[in-house]
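Heads up: the structure comes next, in structure tokens.
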Amino acid sequence: MGLWDKRDDMIVHESDPYNAEPAPGALADRMLTPLDTFYGRNHGPIPVIDPRAWRLRIGGLADRDLDLSLDDLRSRFAPRTITATLQCAGNRRDGLIEVRDIPGEAPWGPGATSTAEWAGVSLAEVLRAAGPQPQAAHVAFSAPDIAPAARPPQPYGGSVPLPKALGGEVLLAWAMNGQPLPRVHGGPVRVVVPGYIGARSVKWVERITLQDHPSDNYFQATAYRLLPPGADPAAAGPGDGLSLGAVAVNSAILRPGEGTVLPAGPVQLTGYAFAGDDRGIARVDVSADGGRTWQQASLGPDAGPWAWRQWHATISVPAGETEITARAWDTSAAAQPESPAHLWNPKGYVNNSWARVRVTGY
């Protein structure tokens, strides 16, 4: 096994803090991503937390402050399990880097997306026990991991709007795929915010604050914001750009992989498609002629509104080099845009352009 009990073939962008994704083929044909394959995204050293000593403190614009242990969460609130996909805002950044370099940012491929069955308690129930006051509009999460890249260095944090936090699907999770939440994925307890960028699913959560404004943490106020193409990210400050929340409809081709050499003729394709909020995947199209003609892929099982859909198709590939393309449509009729050039931004977020792989037929 590799670092943090991960597969030996993980693509490690950084070992400390640990940032790694599986090779695309490792995600194919699996509704749930095994723990040894699930991507890792961290901004600071992974903390060591004793589950017996861990406490969750809830306050702010609340009628009652709460101080909860892990046993309190388990005994006072009804357990809930949900299948949900997490996707990093930098997923598929490598496609934007092909358009124009993005210095200082990891070249994430399509593997910064994974799906698990999460078990814990509904954040909504815990917040109702605290009693949100009328002025409360946002729920902020704080963790103990110190992020040196933040300006100034600070513990990681973020927030979501109160209506999202009260939706029922947001979890305080202590288990992942039927096992205790691994330390590398936020154990003993993390927030899981289905349908939102992974940055809002704060790991090792220790404090929840009800407040009338979004978190002023660096990773909410300054980072994970979509800047215009001409902006200097080094000069960006709090409130610049657009705050990222719900995931845009996206897809990837998982097999065959980039650069595969294969016999000309029918080729089996497999991939994933995912849309944020509670939007499902309605359709996936594939093309072998640059999008002049399309055929529909077959969608795999539907695990609910918060999970990706695996898809499959057979397409004819001629001799020579061919670019295979895929695009997804969600249940709101939104589709992926064609070109990464139209999406380029100086932090490399939200590349949801058509998925492409180049193969060679012989």
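Starting from the stretch 276-292, take each residue that is surrounded by 20 or more Cβ atoms within 10 Å (Cβ to Cβ) and list its partners that are of a type in the set (Lys, Arg), counting only C-beta distances under 6 angstrom and pairs at least six apart or across chains.
Correct list of pairs: Ile281/Arg309; Asp285/Arg327.
Of all residues in the stretch 331-362, which are hydroxyl-bearing (Ser, Thr, Tyr), under 28 Å from Leu227 (Cβ atoms) and surrounded by fewer than 14 Cβ atoms within 10 Å (Cβ to Cβ)?
Looking only at the stretch 331-362, we keep the residues that are hydroxyl-bearing (Ser, Thr, Tyr), and these are 331-332, 339, 349, 353, 360, 362.
From what is left, the residues that are under 28 Å from Leu227 (Cβ atoms) are 332, 339, 349, 353.
Across the stretch 331-362, the qualifying residues are Ser332, Ser339.
If Asp8 passes every condition in (1) in contact (Cβ under 8 Å) with a residue 40 or more places away in the chain; (2) open to solvent by 70 Å² or more (accessible area, probe 1.4 Å) but one, which one does it miss?
Tallying (1) in contact (Cβ under 8 Å) with a residue 40 or more places away in the chain; (2) open to solvent by 70 Å² or more (accessible area, probe 1.4 Å), Asp8 fails exactly one: (1).
Look through the stretch 306-325, keep the residues that are open to solvent by 70 Å² or more (accessible area, probe 1.4 Å) and of a type in the set (Gly, Ala, Ser), and return whichever of them is nearest to Leu262 (Cα to Cα).
Across the stretch 306-325, the extreme among qualifying residues is Ala319.
Yes or no, residue by residue, for (1) in contact with a Lys or Arg (Cβ under 9 Å, 6 or more places away or on another chain); (2) open to solvent by less than 10 Å² (accessible area, probe 1.4 Å); (3) in a loop (DSSP other than H, G, I, E, B):
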position	(1), (2), (3)
Glu14	no, no, no
Asn19	yes, yes, no
Asp29	yes, no, yes
Leu32	no, no, yes
Leu35	yes, no, yes
Asn42	yes, yes, yes
Pro45	no, no, yes
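If the requirement is being within 19 Å of Ala273 (Cβ to Cβ), of a type in the set (A, V, I, L, M) and surrounded by fewer than 21 Cβ atoms within 10 Å (Cβ to Cβ), which of these qualifies: Ala303, Ala328? So that I can check it myself, show each step before the final result.
Details: Ala328 fails: surrounded by fewer than 21 Cβ atoms within 10 Å (Cβ to Cβ).
From the options Ala303, Ala328, the qualifying one is Ala303.
If I filter the stretch 54-64 for residues that are open to solvent by 30 Å² or more (accessible area, probe 1.4 Å), at positive phi and not in a loop (DSSP other than H, G, I, E, B), do I get at least one hit? Show your work before the answer.
So in the stretch 54-64, the residues open to solvent by 30 Å² or more (accessible area, probe 1.4 Å) come out as 55, 57, 60-61, 63-64.
Then keep just the ones that are at positive phi; that gives 60.
Going one step further and asking which of them are not in a loop (DSSP other than H, G, I, E, B), we end up with 60.
Checked against the condition, which is being open to solvent by 30 Å² or more (accessible area, probe 1.4 Å), at positive phi and not in a loop (DSSP other than H, G, I, E, B), the stretch 54-64 yields at least one hit.
Does the stretch 107-125 contain at least one residue that is open to solvent by 40 Å² or more (accessible area, probe 1.4 Å) and in a helix (DSSP H, G or I)? Steps first, please.
Step one: filter the stretch 107-125 for residues open to solvent by 40 Å² or more (accessible area, probe 1.4 Å), giving 107, 117, 125.
So of that shortlist, the ones also in a helix (DSSP H, G or I) come out as 125.
Yes, the stretch 107-125 contains at least one residue that is open to solvent by 40 Å² or more (accessible area, probe 1.4 Å) and in a helix (DSSP H, G or I).
Tell me which of these Ile97 doesn't satisfy, since it passes every other one: (1) open to solvent by 30 Å² or more (accessible area, probe 1.4 Å); (2) touching a helix residue (DSSP H, G or I) at 6+ places or on another chain (Cβ under 7 Å).
Exception for Ile97: condition (2).
Out of curiosity, is Asp29 of a type outside the set (Gly, Ala, Ser) and at positive phi?
Numbers: of a type outside the set (Gly, Ala, Ser): yes; at positive phi: yes.
In short, yes.
Among the candidates Val202, Val189, which residue alone is among the β-branched types (Val, Ile, Thr) and in contact with a Ser or Thr (Cβ under 8 Å, 6 or more places away or on another chain)? Lay out the reasoning, then the answer.
Numbers: Val189 fails: in contact with a Ser or Thr (Cβ under 8 Å, 6 or more places away or on another chain).
Only one candidate qualifies: Val202.
Residue pairs, Cβ under 9 Å, 6 or more apart or interchain, first in the stretch 145-157 and among the β-branched types (Val, Ile, Thr), second surrounded by 13 or more Cβ atoms within 10 Å (Cβ to Cβ). List them.
Qualifying pairs under 9 Å: Ile146/His43; Ile146/Gly44; Ile146/Pro45; Ile146/Pro47; Ile146/Gln154; Ile146/Pro155; Ile146/Tyr156.
Among the candidates Trp294, Trp344, Trp329, which residue alone is farther than 22 Å from Met31 by Cβ and touching a strand residue (DSSP E or B) at 6+ places or on another chain (Cβ under 8 Å)?
Answer to the check: Trp294.
If we keep just the residues of the stretch 70-83 that are touching a Leu at 6+ places or on another chain (Cβ under 8 Å) and assigned to a strand (DSSP E or B), which is least open to solvent (accessible area, probe 1.4 Å)?
Going through the qualifying residues, I end up with Ile82.
The values are calculated or read from the model by the stated rules, or taken from the named source; none is laboratory data. On a predicted model such as this, the values are computed, not experimentally measured, just so you know. Here Cβ is always computed from backbone atoms with ideal geometry, including for glycine, and neighbour counts include all displayed protein chains. These accessible areas exclude ligands, DNA and RNA; they are computed on the full protein's heavy atoms, side chains included. Shrake-Rupley method; radii C 1.70, N 1.55, O 1.52, S 1.80 Å.
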